[in-house]
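Structure, as structure tokens:
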Amino acid sequence: LSCAYLASRFGCEPNEPVLVMPIDPYVSDSYFERAKLVGEAASEGLSDVVLMGVEPTYPSAKYGYILPKQEGIGRSIPVERFIEKPSEEDAATLIERGALWNCGIFGFKLGYVLSILERKLGATSFDEVRSRYSELEKISFDYGVTEKAKHVSVVGYSGSWKDIGTWN
């Protein structure tokens, strides 16, 4: 809906990069510098979705996992596979293979998400997407877009990171 808003109300072009970030991480300042690289990598257009990943400290079923390929392209590394919230057993296997936790940052070109809206709703204008929003599948961006993307890449982050998630 926000992408349709950017295109319809602000006239943003399909080539414009969009960066979606969580509001609840506990991080060091370098996190925001790396986030800029996610936006720059999205601008390059070599991937449908660009993520930011951090080295896991333990196997957890609470996070998405990014399994990078070994070779790099531009500012980011291509991803072999993105897996949202696997079992702890599968998470341990992914960590052994060099997987990163997904920091919840998604970079992409505006046109990529608009094309998904066109395919799913047959609409990209804000007013029409808003009026038909309830027709969209009730699923997170991770499952609905990132796991299905053909070309995903990752920018690594090595600073402090904690997904706060709740007040507890």
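Summing Cβ point charges (Lys, Arg +1; Asp, Glu -1) relative to the Cα centre of the chain gives a dipole of roughly 240 debye.
Which angle from 0 to 90°, rounded to the nearest 10, does the C-alpha axis of helix 110-121 make with the longest principal axis of the chain? On a 0 to 90 degree scale, this one is about 70.
Modelled this way, with points 7 Å down the Cα-to-C-beta line, the labels at residue 128 and residue 96 are 5.0 nm from one another.
Distance between the 7 Å Cα→Cβ label points at residue 70 and residue 23: 4.3 nm.
For residue 84, the residues 5 or more places off, or on other chains, whose built amide H falls under 5 Å of its own are 65. Whole-Hz Karplus values for the stretch 126-139 come out as 4, 4, 6, 4, 4, 6, 10, 4, 5, 7, 6, 4, 7, 8 Hz, taken residue by residue from phi with 6.51 cos²θ - 1.76 cosθ + 1.60 and θ = phi - 60°; glycine and proline positions read x.
Karplus-based coupling profile of the stretch 92-100, in residue order and whole Hz: 4, 5, 4, 4, 4, 8, x, 5, 10, with θ = phi - 60° in 6.51 cos²θ - 1.76 cosθ + 1.60 and x standing for Gly or Pro. Between the listed residues 102, 10, 52, the Cα displaced farthest toward the positive end of the dipole of the chain, a dipole computed from Cβ unit charges relative to the Cα centre, is found at 10. Of 85/109; 120/148; 85/148; 109/148; 109/150, which pairs sit farther than 18 Å apart, going by alpha carbon to alpha carbon? Too far apart for the 18 Å limit: 85/109. Surface composition of the stretch 20-77: carbon plus sulfur atoms hold 55% of the accessible area, using a 1.4 angstrom probe and ignoring ligands, DNA and RNA.
The charge dipole of the stretch 29-119, taken about its Cα centre with unit charges on the Cβ atoms of Lys, Arg (+1), Asp and Glu (-1) only, comes to about 200 debye. Normalised per residue, the accessible area of the chain is 57 Å², obtained with a 1.4 Å probe and no contribution from ligands, DNA or RNA. If you average the alpha carbon positions of the stretch 1-25 and of the stretch 70-144, how far apart do those two centres end up, in angstrom? First find each Cα centre; the distance between them is then 15 Å. Could you give the angle, 0 to 90 degrees to the nearest 10, between helix 30-44's Cα long axis and the longest principal axis of the Cα atoms of the chain? With rounding to tens, the tilt is 50 degrees.
The amide H of residue 28, built 1.01 Å from its N in the peptide plane, has 160 as neighbours under 5 Å, considering only residues 5 or more places off or on other chains.
The values are calculated or read from the model by the stated rules, or taken from the named source; none is laboratory data. What you are looking at is a predicted structure, and each value in this text was computed from that prediction instead of being measured. Cβ sites come from the backbone with ideal geometry, for glycine too, and all protein chains shown count toward neighbours. Just so you know, the surface numbers come from the protein's heavy atoms only, side chains and all, with ligands and any DNA or RNA stripped out. Shrake-Rupley method; radii C 1.70, N 1.55, O 1.52, S 1.80 Å.
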